[in-house]
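What follows is one structure encoded as structure tokens, with my remarks underneath.
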Amino acid sequence: MPDTIAAIATGAQVAAIGIVRISGPEALPVVDRLFHPASGKRMSSYENRKLVYGRLTDRNGELLDLCLCTVSRAPNSYTGEDTAELQCHGSPVVLRAALDEIFASGARQALPGEFTRRAFLNGRLELSSAEAVADLIDAESVECAKNAAAQLSGAVAVKIDAIYSALRDISSHYHAVLDYPDEDIEDFRLEGYKCELDSAAASLRALLKSFERGRLMVSGIPAAIVGRPNAGKSSLLNALLGYERAIVTDVPGTTRDTIEEKLRLGSLTLRLCDTAGIRESSDRVEQLGVQRSLRAMESAELVIAVIDGSGDVGGEELELIREAEKARHGLIVLSKADLEQRCTRPDTKLPCVSVSSVTGEGLDELESAIKSLFPLPEVPAGEILTNARQADAVSRALESMDAALEAMSDGCTPDIVLTEAEEAMSALGELTGRSIRQDVTDRIFERFCVGK
Ligand code: GDP
């Protein structure tokens with residue numbers, strides 16, 4: 001029998017309202033002891049999910065707060081257990097005092113994610129939906145939030161379940177024919193299932209592909225601003241951010257280290273990194289900065305190469321353009337567009353935008369050029385995979401499906417093909433939580449905040 005847990009579910013700062021949650025067999029007796037409805041009735045006599053006004057007291061009956069309380073009984077609650085929620089005034093002191101009284105009445109402090117973990121263990125949520133709870137809370141953009149909300153309502157689980165069921169049907173048909181040869185079961189012909197196997201692999205491939213963008217949607221796109229000293233990199237970073245983050249001087253080599261800032265561009269989050277200007281230098285500190293710039297460029301998903309449009313384009317600039325062309329995504333900015341331009345559009349297939357960080361000219365065009373490099377996959381919300389654990393499970397399932405299809409085209413016997421398909425099923429089971437190891441579940445719920 002699980003014990004009763006409690007935690008403050010809202011933030012640590014002062015706010016209008018603060019919520020304390022209680023879940024477990026003692027939830028109702030605990031609120032009956034501490035919360036006294038204005039009606040004079042006991043809280044446990046109220047129906048599920050009704051908000052009741054009353055007095056919250058300590059165990060000696062001294063008033064702590066005038067607040068609201070609601071209860072939900074097992075199994076019709078978030079955790080699947082008896083639960084109570086106190087909606088107090090949002091003073092951290094009041095909330096802490098209320099929590100201490102709840103502990104004194106027999107509950108204990110909930111661990112991070114323990115409410116959602118109980119919801120999962122009690123079959124109220126699939127594992128992928130439970131993970132979406134943390135993603136929804138952590139979402140940094142509306143797109144991330146919408147995707148997580150759709151996953152919370154089961155978008156990934158539904159997709160995976162459809163593939164899982166198709167594979168299970170094939171496997172159970174095969175085993176039924178083998179195990180019950182005397183029964184009147186339709187002959188098993190693997191070729192008849194080729195279409196289902198192909199479509200399972202295609203769905204997995206599409207889901208895995210969505211992770212390329214989903215991963216960037218959640219963590220932000222690492223973008224490096226590179227170029228020669230004085231090209232206008234720091235000014236561009238400041239202009240994009242809308243405030244002075246990097247120091248701008250006309251002394252070459254001022255930015256000696258890399259500076260990273262988050263920039264929101266509509267649905268995109270860029271992790272913009274202003275780097276030390278790339279040039280030969282005898283200054284030890286500047287040399288280190290240059291090495292970091294080169295590393296930032298290698299790990300960046302987007303390289304924005306800044307070339308001083310008011311200067312001449314020489315060998316170093318051309319080399320920079322070639323480097324940007326090697327990046328996963330590259331873009332050329334011709335800076336200082338407000339000055340007389342000596343540099344014409346360089347010969348490159350990369351998008352090229354003229355920008356003035358002084359007047360703001362070209363900044364909108366630059367933002368559009370960046371956005372068009374990272375379109376969102378055209379799939380319904382919730383079908384963009386953003387979670388690395390889930391992507392790993394899908395990737396292993398896909399490997400097994402590809403092996404199954406290869407075995408089939410090589411003319412292998414059904415048992416060999418189906419062993420691979422069953423491997424795929426086991427990986428998919430990990431995704432929804434059907435077959436998952438305890439240590440993996442522990443790791444997943446550690447990510448949550450206390451009170452969720
Ligand atoms: P970085 O070394 O590449 O980071 O270059 P900075 O951003 O520090 O700029 C070098 C010099 O160019 C500074 O004197 C800036 O004021 C100047 N500068 C940068 N961007 C512009 C621009 O768009 N227009 C003009 N007129 N000057 C700029």
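The table below gives the values:
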{"item": "Residue in segment 28-48 that is crowded, with 21+ Cβ neighbours inside 10 Å and touching a Gly at 6+ places or on another chain (Cβ under 7 Å) present", "result": "yes"}
{"item": "Filter result for the condition that a residue is surrounded by 20 or more Cβ atoms within 10 Å (Cβ to Cβ), within 30 Å of Ala134 (Cα to Cα) and either at pLDDT 95 or above or over 33 Å from the mean Cα position of the chain (by Cα) (or both), over Gly24, Gly54", "result": "Gly24"}
{"item": "Breaking point among (1) at pLDDT 80 or above; (2) farther than 30 Å from Ile384 by Cβ; (3) charged (D, E, K, R), for Glu261", "result": "(2)"}
{"item": "Selected residue (criterion: nearest to the chain's Cα centre (by Cα)) from residues of segment 142-167 that are polar (S, T, N, Q) and surrounded by fewer than 17 Cβ atoms within 10 Å (Cβ to Cβ)", "result": "Ser153"}
{"item": "Residue satisfying all of: in segment 321-344; under 20 Å from Leu263 (Cβ atoms) and open to solvent by 30 Å² or more (accessible area, probe 1.4 Å); farthest from the ligand (Cβ to nearest atom) among these", "result": "Arg328"}
{"item": "Hey, Asp100 at pLDDT 95 or above and surrounded by fewer than 21 Cβ atoms within 10 Å (Cβ to Cβ) or not", "result": "yes"}
{"item": "Qualifying residue in segment 295-302 (condition: within 11 Å of the ligand (Cβ to nearest atom), among the aliphatic types (A, V, I, L, M), open to solvent by less than 20 Å² (accessible area, probe 1.4 Å) and not in a helix (DSSP H, G or I))", "result": "no"}
{"item": "Gly289 vs. criteria open to solvent by less than 20 Å² (accessible area, probe 1.4 Å), modelled with pLDDT of 80 or more, among the small types (Gly, Ala, Ser) and out of contact with any His (no Cβ under 8 Å at 6 or more places or on another chain)", "result": "no"}
{"item": "Residue list for segment 345-368, filter: more than 16 Å from the ligand (Cβ to nearest atom) and either of a type in the set (Lys, Arg) or not in a helix (DSSP H, G or I) (or both)", "result": "Arg345, Pro346, Asp347, Thr348, Lys349, Leu350, Pro351"}
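The values are calculated or read from the model by the stated rules, or taken from the named source; none is laboratory data. No experiment lies behind these values; they were computed from the predicted model shown. Note that each Cβ is placed from the backbone with ideal geometry, even for glycine, and that neighbours are counted across all protein chains shown. With ligands, DNA and RNA removed, areas are computed over all heavy atoms of the protein, side chains included. Shrake-Rupley method; radii C 1.70, N 1.55, O 1.52, S 1.80 Å.
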